[in-house]
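Everything below concerns the one structure shown next.
What follows is calculated from the coordinates using simple rules that are stated; it is not laboratory data. This one's a predicted model, so the numbers in the text were calculated from it and none came from an experiment. No Cβ is skipped: glycine too gets one built from the backbone with ideal geometry, and neighbour counts run over all protein chains shown.
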Amino acid sequence: RLDCVRASELCLKEPACSTKYRTMRQCVAGKESNSSVLAGLESRDECRSALDALKQSPLYNCRCKRGMKKEKNCLRIYWGIYQHLQGNDFLEDSPYEPVNSRLSDIFRLAPIYSGEPALAKENNCLNAAKACNLNDTCKKYRSAYISPCTSRVSTAEVCNKRKCHKALRQFFDKVPPKHSYGMLYCSCPVGDTSACSERRRQTIVPACSYEDKEKPNCLALQASCKSNYICRSRLADFFANCQPEPRSLSGCLKENYADCLLSYSGLIGTVMTPNYLRSPKISVSPFCDCSSSGNSKEECDRFTEFFTDNVCLRNAIQAFGNGTDVSVWQPMPPVQTTTSITTPSQRARERDRLSNVLEPEDSLYQFCGSLQAQKLKTNNTIDVLCVDPQIDPSSSNTISGNSSE
Amino acid sequence: SKGGREELVKGQGRGCLLKEIHLNVTDLGLGYRTKEELIFRYCSGPCYDAETNYDKILNNLTHNKKLDKDSPSRTCCRPIAFDDDLSFLDDDLEYHTLKKHSAKKCACV
Amino acid sequence: SKGGREELVKGQGRGCLLKEIHLNVTDLGLGYRTKEELIFRYCSGPCYDAETNYDKILNNLTHNKKLDKDSPSRTCCRPIAFDDDLSFLDDDLEYHTLKKHSAKKCACV
Amino acid sequence: LYFPQSTYSETIYVGQPAGAPVLQVHSMRERPSEEPYFCLSWRNIQKPPLYAAWFHLDPLTGVLYMNKTLEWTDFDSLSSSTLGYTRKLTLKVAAAPVSQKATCIHHSRVDVSLTFINATAPSCGQKMEKLCFPDGDISSHIKENRLPGALRQLRRFTHADICPNYTISYRVEAGTIEMPFAVNNATSELVVTAPVDREEKELYRLIIVCNVRTADMLHRLDTPLLINIYDEDDTAPYVNGTDSEDVLIEFSRSEGTVFGHVFVYDRDTTPSYPKDQTENKFVGTLMTNDSWIKDTFTILHGFREEKAMFGNVRGTVHEYKLSLSRNVLVDERRSVQLDYLVNDTTYPGTEGTVMLHFNITILPVPIQFSNITYIFVLSRKSSIYSQIGKVCVDNCLKFKGIDIVYQLEISDRNVSSDVLSCYTTVNVARSLEEMSGVLYVNDTKPFYRPECQELQYVLVAQEQQKQLQTKTHLLIIFDELSIKMAERPRSLTCAEKRQRGECETFKGMGAPTGRCHWRQGTDKGISENYSTCSPDLRTCPDGYCDVIESKNMSICPQDCTRVPIIGGHERGLMLGIKAGYGTCYCYSEKCFCEQDEMEEPICDDMC
């Protein structure tokens, strides 16, 4: 599949395509400033025929790559045509080419995580920092962001935030994930005495790259992000790749931790830069809140919870920290007995438990599902007959107990 | 392994060489309190085959005590390029950046 | 006067300085038999204020014996430009030319 | 019309039969006459997605039905870059008044997100909960002050025929307080039975009870359902207590200075996004035609959301502050009542405005030295740039926006020319961060001339805007008769000295005693209390590059340097050395901080 810069060049070289492309850009410009340059009915037909024609061109399904040359130009082309050309009805798509890498590919190269899960009580974040400074590329790009992010520019300005963000983006674009992820997603011992998790929080130099004089409303922050091609694309990429799906084995709709971690790291260095919160379980958030949201409070809460309470992202970070990956990880939910009367309090407890642990029946589907996926992926022969317990009632738990009105 | 054997940087013969050693930042003796580490590279080795007439003359004059108490330097094996900066987080969660702390290229000067 | 007091070249404070001394060519110890003379200029003096983190670290590592037997050089006061060549006629009426025999500019390197 | 949910979601399985309902979309009426007409709408109307044909929508009830039975092949036909065994299908449902059904697709829309699972529907033996309630938390929202009506279908249509012989019914658990919600047993829809007032309650936590009657048992399950009440601007702004503020403007007269504040309360919410928001928008007007007032004052307005003070319901506190938009002249004397009309522009009622009053008193500031003359004793050993002392007109430390310049004049002009030339000894400079003056040694030659014994100056302080001026006497007395030229300090920097011995014998710039002073640090590691050689420990190092030190970088590089610092250190706020390891010392191009015992190098000439 071509990137959008290449696709656009090809189209502009070909007379028919370039006229349609120019017409469509006028349609887009007219629609956005709702003063359509081609007014009237026949313009709508011209726009429609331009759209249909471009569906045959390489522009139709073009994407971009993180850190590619002319990335911003590519994203400008993508978003310029996205709403009008591609807009399929799935979840908002990401402008970036799916990488489909696996965490296991990252672990195999990582010197510090030799395959088995990082030791529980170690300060893995310190180990990652050590490993970084022993690798010339990582050391160079680490210092290249820490310098601008810690250099005061005036008594009132802690730093030059724009320079800091640019250097942070360079770090995550240029440094191999085994090092950059090591410092961003290192796992800290439970009940950590804050040395490890505080160091992890300091990785992006939050005083400069994250904090601000005032905390904006999250919807306002989202709007300002969407006004910038890079930020808008990284946010769309994050929403697409870290979309939680409680029923799936990994907790992710796309069943790919590596893509989720890559898209989370892609947000660092944009106005939507997220960071770890001081909380017992892994929880991240951009620097914003939902006060003064008016009637959009629900929408604002949903946006923030995609960061602060995202089972897919949390599983992905934990998987990297433990040195595991999607298909290997198989949580064993506690054996649960069904009672006929469920009271609200019990129900609330179950709800919390539900969000982390899968119901026995559901996990069967996922196991089958991911096995099939694995089979597709690795096309080796895995012959497992996916028996659906429901078809065979004897294998499911019967409900007993009496009921009272 | 840390603080142990220095390794020669690949591809260099004898004479003025770039060497490296794996150290703790605290070993550098600059007063930083941190557990981070680094690869320290330095230049070391003799520079005989880089001497000019000037050095030969200096050697003779010093030998014959023609320069009173002066002891001017002869060719030194020194860095002619420094490594990239090194940044690290100290125990108080403050970042520091060391500049021109480690050699990248050596020559007799 | 010859071979006597070195004069400081004008306009230099303390530290790594360009000095000169009036000598016979024979004093250079290069084996030439001639009665001709020259002004020999050389670089000398401390380079403390030109040190970098690299030198401070070297000093500390050497002090704490972290570099085994190695004794890498710290900043040296050395010529960074040489004087013009010197030509003279020896006792056998043969001409000789000396290159890079005398300093023209000094710096801590 | 408005949708009572921001999104509708449901799970569909392989084998979902044609004609089966999937979910029901509702649209709440804003006016009694409105009747909703529903239609499906796609992002790309000409080319709807493949699965568009699998569904159809009842335009009057808003119930979404299956158009076909879902096959295994249907799942595979949905191309997507993901692996997994679920696909997310997004539909959009629009709702228009029946009268405008022709343009239904152009009306407001709501997202319907269907998770298509690559498996058949779970069988009857599974958890009862799945029959009663959808997955995940459920919530709805309704606008305050609106008509009653059905807002949500409680039945889970896609699981309706999994256990055909079970009967499922719902009811709202009667809570402690009266809740205007009930279940329509015929349709299993949740109904709001009366208009609600958000300012009373903005969140209802209903307990929905689901009764499942099987052949021999009755199961009772429940789940919380949150109903958010959306706000509209239906309450007027009010002032709690005082609507006026007395402001005294005296020493602080600079542009940007803020005085006092008045709070205006509003029980409605105020969104801070989008910027030019339309809800609960407050506009303020300065009620005066006096151009002086308009040019001098501006009212700053900010707001924040509060809950506790509004009975645990979100409301808004608006804050109005008086600010100077230019400097006020030093001799300005004025009393002004400034009225400011605050208007809640989106409040429909009549009393949407509040008048605020700022009673402003501006006092002139006298520029004077009231009964003070300055006498300083000066050591002839002082080096150049030694700081002698501080001078200050009355209240000068409080001045903001009043610019004072100090100068020295010779009291008696008729003295001999020799004595006259003594007066180059002292000069004065205005401090950088306050309106005081700093006396300092400007010339040391008079120290060696016996005829220079004492200096009688006139200290002149002049205010720069109105040129108001005041004077007082300044007497400088030299402490010894005279000193020999040999003792004359040379203009060098104390900071170069790295040890106590050489420091305390060294004559550097800025030293009132003529000698540098050693500060011995005691801490381990990098510390703000590093050892160093200073001309005057009162001012150097103190983390601040003052007006005298900034005249020459060599006076106190510890506070003022910008050159590279070698060794363990922490740079100051833009300038100087905030913290250092061991001893810090500076040359013109570099500063160093290193441990003291490492002082003597192993061997000077390592080569």
With the label 7 angstrom out along Cα to Cβ, how close does residue C:81 come to the same site in each of the other copies, in nm, nearest first? 2.5
Cross-link pairs beyond the 31 Å C-alpha cut-off, checked among C:65/C:100; A:166/D:275; A:174/C:69; B:105/D:507: C:65/C:100; A:174/C:69; B:105/D:507
Of D:451, D:34, how do they rank once you tally other Cβ atoms within 10 Å and put the fewest first? D:451, D:34
Cross-link reach from residue D:92 to lysines, straight Cα distance under 24 Å and at least 8 residues apart if same chain, gives A:31, A:55, A:226, A:254, A:297, D:47, D:68, D:101, D:143
Calculated log₁₀ intensity ratio I(q)/I(0) where the Debye formula runs over C-alpha points of segment D:54-210, q = 0.21 Å⁻¹: -1.50
Computed over segment D:1-122: relative contact order in percent, which uses C-alpha pairs under 8 Å that are six or more apart: 38 percent
With 10 angstrom as the radius, rank D:433, D:463 by how many other C-beta atoms surround their C-beta, starting from the fewest. D:433, D:463
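Over segment B:58-109, what is the mean sequence separation of C-alpha contacts under 8 Å (at least six apart), divided by residue count, expressed as relative contact order in percent?
Details: 63 pairs, mean separation 19.6, N = 52.
Result for segment B:58-109 is 38 percent.
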A correct fewest-to-most ranking of A:171, A:287 by other Cβ atoms within 10 Å would be A:287, A:171
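Within the set of other residues whose C-beta is less than 10 Å from the C-beta of residue B:75, count the net charge using Lys and Arg as +1 and Asp and Glu as -1. Numbers along the way, then the final one.
Numbers: positive: B:74, B:78, C:78; negative: B:49, B:51, B:55.
Residues close to residue B:75 contribute a combined charge of 0.
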Between residue D:203 and residue D:105, take the C-beta separation as r, use R0 = 45 Å, and let me know the FRET efficiency to the nearest 0.05. 0.85
To make sure I understand the rule: partners must be aspartates and glutamates, Cα under 18 Å from the Cα of residue A:281, and not fewer than 8 residues away in the same chain. Which ones qualify? A:122, A:192, A:198, A:305, A:309, A:352
Shape category assigned to chain D from the gyration tensor of Cα positions, a/c cut at 1.5: prolate
With Cα coordinates, the longest principal axis of chain B makes an angle with the long axis of helix B:53-63, in degrees rounded to 10, of 80 degrees
Just need log10 I(q)/I(0) for segment D:214-338 at q = 0.09, 0.12, 0.21 Å⁻¹, Debye formula, equal scatterers on the alpha-carbon atoms, no solvent, rounded to two decimals. -0.41, -0.62, -1.24
Counting only other chains, and only Cβ atoms inside 10 Å, what mean value do you get across the residues of D:110-120? 3
Mind putting together the pair-distance distribution for segment A:202-291? All Cα pairs, 5 Å bins, whole percent per bin, short to long. 3, 14, 21, 24, 21, 12, 5, 1, 0
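Would you tell me the mean number of C-beta atoms belonging to other protein chains that fall within 10 Å of each C-beta in A:211-218, as a whole number? Spell out each step's value before the answer.
Details: counts 0, 0, 0, 0, 0, 2, 5, 1.
Rounded to a whole number, the mean comes out at 1.
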Considering only the label points, 7 Å along Cα→Cβ from Cα, what distances in nm to one decimal separate residue B:104 from the same position in each other copy, shortest first? 2.9
Contact order normalised by length for segment A:142-280, with contacts defined as Cα pairs under 8 Å and 6 or more residues apart; what percent is it? 25 percent
Please compute, for the alpha-carbon atoms of segment D:428-553, the extent along each of the three principal axes and give them in descending order in Å. 53, 39, 20
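Peptides A:243-255, A:16-28: what's the order by average Cβ count within 10 Å, highest mean first?
On the way: A:243-255: 24.0, A:16-28: 18.2.
Most protected by this proxy first, the peptides run A:243-255, A:16-28.
Mind checking the mean number of beta-carbon atoms from other chains within 10 Å of the Cβ atoms in B:96-103? Don't skip to the answer; put the middle values down first.
Numbers: counts 7, 7, 8, 8, 7, 7, 4, 3.
Mean shielding by partner chains, rounded to a whole number: 6.
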